[in-house]
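The values are calculated or read from the model by the stated rules, or taken from the named source; none is laboratory data. What you are looking at is a predicted structure, and each value in this text was computed from that prediction instead of being measured. Cβ coordinates were reconstructed from backbone atoms using ideal geometry, including for glycine residues, and neighbour counts include every protein chain displayed.
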Amino acid sequence: MNQPVAITGLGCLCGAGMNLAECMESMFRGVRKPRPPFRFSTDHPVSYPVLELRDEFKLPLDDQEKVYARTSQLALAAALEALADAGWDEASLRGKKVGVCIGTTVGCALNCDDFYRAYKEGDDPEMDVIERFLRSNPASVIARQLKLDGPNQTVVNACSSGTDAIGLGASWIHSGACDIVIAGGADELSRVTYAGFSSLMITDTEPCKPFDVNRKGLNLGEGAGIMVLESDAIRGDRKAWGFVRGYGSACDAYHLTAPRPDGAGLKQAMGEAFAAAGLTPEQIAFVNAHGTGTPDNDKVESGVLAEMLPGVPFLSTKGYTGHTLGAAGGIEAVFTVESLRRGKLPANIGYADADPEIKGTPVTENTEIDGEYALSESLAFGGNNAVLILGKGDD
Amino acid sequence: MEIKEKLKQVLIEDLNLEDVTPDEIGNDEPLFGEGLGLDSLDAVELVVVVQKHFGVEIKDMDEGRPALQSINTLAAFIEEKSNG
Amino acid sequence: MRMAIQSIGISGGFGQGVDSLQRALVAGEVEPQTGEVERNGTVDSFPCYRAAIDGLDEFFPKRALRRIDHYSKMTLYGASLALKEAGLLEADRSRMGVIIATGYGALKTTFDFLDSYLDFGYSCSSPTHFSNSVHNAAAAHVSMQFKATAPSLTVTQFEMSVASALLTARHWLAEGRVDQVLFGATDEYCDVLRYCRKRFFCDGEQGPMAPFNFERQSAVVGEGAAFFILTRDEQQASYGYIDAVTLGNHVASPLELPADDFVIAGADGHRDCGQWYAETIGSLPASAYSPLYGSFPAAAGFDLAVAALTLKEGCYFTVPDNAGSTTTPEEAPAKISCLKFGPGGDYGLIRLSR
């Protein structure tokens with residue numbers, strides 16, 4: 001069994017809100033605003049709704065758009081919110097072993113299609129977009145901006161990256177490799193992923209409907225969710241919002257894009273997380289599910305939940321945030337900790353009609369919860385499954 | 001070229017089925033599972049193949065599933081859409 | 001805990017397999033290949049170190065590879081060779097973790113996907129290219145082909161990718177999450193990369209590589225995959241041990257190298273990293289082997305393979321082109337530090353011992 005790792009700061013921005021408080025407030029009001037993408041256009045005959053950030057955000061940087069790619073801007077914004085929440089600034093972090101572990105997908109891909117189009121057409125495109133890419137590794141950006149001297153790791157496990165990053169970051173605290181770890185996920189919405197997910201035919205033309213019988217697919221989103229993890233020695237008697245209790249991961253080794261129908265990898269990841277936490281399924285108050293709204297994911301995932309955590313309330317928050325890919329695990333872990341702290345869950349928006357193939361019903365209205373522990377899970381391309389067990393913080 | 005022959009050829013080329021020849025693909029042979037052995041990722045790639053080479057759009061998998069059963073069903077779908 | 005290096009699987013500009021690497025080390029040089037890119041009616045010729053994957057057919061039927069791109073094939077090939085050398089091709093791999101470090105991921109397929117919609121419109125975006133363009137596609141193929149159901153991880157941190165990923169390998173083994181880690185470092189060449197490097201470095205890409213000339217840009221582009229089976233089981237240390245992995249930033253907190261180690265510098269002719277090597281290595285015995293495989297982020301994995309071979313063979317390999325390599329000590333080293341710098345002073349330090 002692992003020692004709990006304290007979570008002292010939370011930060012989040014996404015289509016649901018520009019900071020964690022706004023996100024929680026809009027979710028409890030049951031508001032979501034998917035709409036056609038407005039930061040880019042395509043000639044695709046069908047328009048798929050997405051959840052982009054509602055507002056601009058300003059970082060303490062000159063010319064932030066030119067300096068860093070959007071994913072790294074999002075990561076930095078959420079990291080600064082989380083650090084402020086934990087009471088840290090650049091000066092107070094100096095001399096401490098501070099690691100950064102961030103999950104992403106788009107943030108590390110050379111998806112510069114304007115540059116590439118010019119190259120293809122025989123022009124000599126300027127290198128500024130490549131230079132920006134080379135500056136924009138999300139974990140490195142946070143470390144550089146805060147002048148940190150610890151290990152950095154950008155996790156690219158597709159859609160489970162954020163969950164994995166928090167689990168791996170917690171293990172750096174366990175081992176003593178770090179005093180503090182800034183961990184989570186970040187991803188921007190891009191024309192490339194929009195085209196990619198459309199081509200896989202798993203995007204819905206309407207607002208997504210996780211676990212509903214009429215679900216047709218996901219809505220893409222963007223954002224970042226980041227938490228500050230601390231060793232007990234560094235935290236002292238400062239308050240923790242929550243604890244990382246256990247982490248587990250496993251690979252389906254089954255298919256590049258489809259989840260394994262029997263959910264064996266997800267079950268194995270859950271088993272590892274429970275063993276690490278020293279907890280049992282009966283102690284779990286709720287599950288923040290991956291719940292993308294694709295036919296396959298929701299079927300496999302709900303099957304595993306019914307088997308492993310029968311009767312435990314579950315929800316997907318992707319109706320509010322969209323699927324934020326590498327950020328999803330970070331955002332959802334942050335929501336999970338905050339929901340435990342508030343003792344209240346938002347409704348699984350988009351669910352109306354039961355699917356006979358899905359056992360159990362997600363939380364359909366804002367629900368009071370009374371429990372110490374919750375589970376947040378992600379399933380990914382390539383068959384990755386990652387599970388975090390999170391605990392309630394100090395009262 | 002007849003639609004079926006062209007289908008077999010682009011199938012082999014675009015899905016990299018180097019281990020089969022057009023003659024070895026039966027018109028009624030199931031494309032997925034036990035037949036030709038294609039999977040869900042091939043299914044969505046086939047949608048692109050049909051769009052690219054025949055100019056015929058498959059809107060979603062509700063429409064795609066019955067069409068993507070075999071060379072015969074796919075050829076019939078393409079013919080119907082091209083004439084319609 | 002220290003990690004035992006049980007086996008190595010490698011493919012790079014010098015050839016395929018550990019024996020090829022060893023021959024290159026003994027010979028002390030590898031002639032780069034000539035790459036050619038035709039654009040706007042002119043042919044651009046340049047030196048490069050490309051990796052072959054001819055031997056992959058030995059391990060997999062064609063059908064299994066039909067959707068797998070060059071990046072993932074290189075990765076699969078490196079993994080296959082490492083498993084073969086360890087005698088684990090037929091073993092139960094349910095407790096074997098997979099960790100892959102890459103600086104750029106599947107570059108070529110990333111652009112192939114863009115081609116699919118730039119050439120034919122968005123409704124012809126290729127889902128196969130898209131799913132193979134994500135950075136963890138290679139790890140996914142490795143896990144699938146080898147039925148490795150334990151945790152899988154892909155790390156990307158440019159020059160720091162290998163050290164950072166190795167830190168996690170060490171944690172997994174120490175925590176008992178896995179019994180072995182199939183650890184790989186992969187990066188691939190593509191024509192757009194050539195365009196970028198030419199724009200950035202002009203004639204600095206023409207070679208020959210002079211890694212210890214810190215004043216001059218002399219990097220030559222390379223690619224390849226280097227794999228290792230890492231284990232807790234000290235009996236399996238065919239190549240020695242990885243004792244420690246440290247990452248930090250030399251500007252935030254100056255790095256002092258261990259005084260009694262032989263240093264394998266990841267210097268690869270990039271002038272903007274040169275000063276960091278110059279400052280930290282000083283008069284320590286050091287060498288660099290990048291002229292045998294070229295310059296690419298995952299080459300830090302190749303440095304690691306050279307370190308492992310050096311420990312196994314108990315002798316130094318001298319690279320004649322290494323003008324500036326500070327000294328050649330007489331006795332074979334018992335401890336080696338692999339040092340890699342990024343342009344901003346980020347460093348990864350991997351310490352090995354016999």
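Considering the range A:251-261 alone, what residues qualify as being surrounded by fewer than 18 Cβ atoms within 10 Å (Cβ to Cβ) and within 12 Å of chain C (Cβ to nearest Cβ)? Quick ask: steps written out before the conclusion?
First, the residues of the range A:251-261 that are surrounded by fewer than 18 Cβ atoms within 10 Å (Cβ to Cβ): A:258, A:261.
Within the range A:251-261, just A:A258 meets the criteria.
Does C:P297 satisfy being touching a residue at least 12 places away in the same chain (Cβ under 8 Å), surrounded by 24 or more Cβ atoms within 10 Å (Cβ to Cβ), outside any loop (DSSP other than H, G, I, E, B) and on the phi < 0 side of the Ramachandran plot? Considered against the rule, which asks whether it is touching a residue at least 12 places away in the same chain (Cβ under 8 Å), surrounded by 24 or more Cβ atoms within 10 Å (Cβ to Cβ), outside any loop (DSSP other than H, G, I, E, B) and on the phi < 0 side of the Ramachandran plot, C:P297 comes out as no. Just one residue in the set C:A219, C:A210, C:A150 is crowded, with 24+ Cβ neighbours inside 10 Å, in contact (Cβ under 8 Å) with a residue 60 or more places away in the chain and touching a Gly at 6+ places or on another chain (Cβ under 8 Å); that residue is C:A219. Applying a threshold of 6 Å to beta carbon distances and a minimum spacing of six or more residues, or different chains, the list of pairs starting in the range A:242-255 at a residue that is under 23 Å from A:R342 (Cα atoms) and ending at one that is among the β-branched types (V, I, T) and buried (at least 24 other Cβ atoms within 10 Å of the Cβ) reads A:G242/A:I7; A:G242/A:V337; A:V244/A:V5; A:R245/A:I389; A:G246/A:I389. The condition of being assigned to a loop (DSSP other than H, G, I, E, B) and under 28 Å from A:E131 (Cβ atoms) holds for only one of C:Y71, C:Y104, that being C:Y104.
Okay, residues lined up against (1) free of Cβ contacts under 8 Å to residues at least 60 places away in the same chain; (2) in a loop (DSSP other than H, G, I, E, B); (3) under 21 Å from the mean Cα position of the chain (by Cα):
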residue	(1), (2), (3)
A:A21	yes, no, yes
A:E25	yes, no, yes
A:G30	no, yes, yes
A:K33	yes, yes, yes
A:F38	yes, yes, no
A:P45	yes, yes, no
A:E56	yes, yes, yes
A:P60	yes, yes, no
A:K66	no, no, no
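What are the residues in the range C:108-132 that are hydroxyl-bearing (S, T, Y), facing chain A (nearest Cβ under 7 Å), assigned to a helix (DSSP H, G or I) and surrounded by 24 or more Cβ atoms within 10 Å (Cβ to Cβ), if any? Across the range C:108-132, the qualifying residues are C:T110, C:Y117, C:S131.
Within the range B:23-44, take every residue that is in a loop (DSSP other than H, G, I, E, B) and among the small types (G, A, S) and give me the one that is farthest from the other protein chains (Cβ to nearest Cβ). The extreme case among them is B:G26.
For (1) under 18 Å from C:G342 (Cβ atoms); (2) among the small types (G, A, S); (3) at pLDDT 95 or above, each residue gets a yes or a no:
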{"position": "C:A163", "(1), (2), (3)": "yes, yes, yes"}
{"position": "C:L166", "(1), (2), (3)": "yes, no, yes"}
{"position": "C:R170", "(1), (2), (3)": "no, no, yes"}
{"position": "C:A185", "(1), (2), (3)": "yes, yes, yes"}
{"position": "C:R194", "(1), (2), (3)": "no, no, yes"}
{"position": "C:R216", "(1), (2), (3)": "no, no, no"}
{"position": "C:A226", "(1), (2), (3)": "no, yes, yes"}
{"position": "C:I229", "(1), (2), (3)": "no, no, yes"}
{"position": "C:A244", "(1), (2), (3)": "no, yes, yes"}
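Filter the range C:135-147 down to the residues that are facing chain A (nearest Cβ under 7 Å) and either surrounded by fewer than 24 Cβ atoms within 10 Å (Cβ to Cβ) or outside any helix (DSSP H, G or I) (or both), then identify the one that is farthest from the chain's Cα centre (by Cα). Please lay out each step first, then the result.
Just the residues of the range C:135-147 that are facing chain A (nearest Cβ under 7 Å), to begin with: C:135-137, C:139-140, C:143-144, C:147.
From what is left, the residues that are either surrounded by fewer than 24 Cβ atoms within 10 Å (Cβ to Cβ) or outside any helix (DSSP H, G or I) (or both) are C:135-136, C:144, C:147.
Working: C:H135: 15, C:N136: 16, C:M144: 22, C:K147: 24 Å.
The selected residue is C:K147.
Could you grab me the full set of residues in the range C:103-134 that are of a type in the set (A, V, I, L, M) and within 20 Å of the chain's Cα centre (by Cα)? Steps first, answer last, please.
Residues of the range C:103-134 that are of a type in the set (A, V, I, L, M), as a first pass: C:106-107, C:114, C:118, C:134.
Answer for the range C:103-134, where residues must be of a type in the set (A, V, I, L, M) and within 20 Å of the chain's Cα centre (by Cα): C:A106, C:L107, C:V134.
Checked against (1) within 7 Å of chain A (Cβ to nearest Cβ); (2) polar (S, T, N, Q); (3) closer than 30 Å to A:G176 by Cα, C:S161 passes all but condition (1).
Entry remark, the range C:183-217: residues being assigned to a helix (DSSP H, G or I), more than 11 Å from chain A (Cβ to nearest Cβ) and touching a Pro at 6+ places or on another chain (Cβ under 9 Å) number 1 in total.
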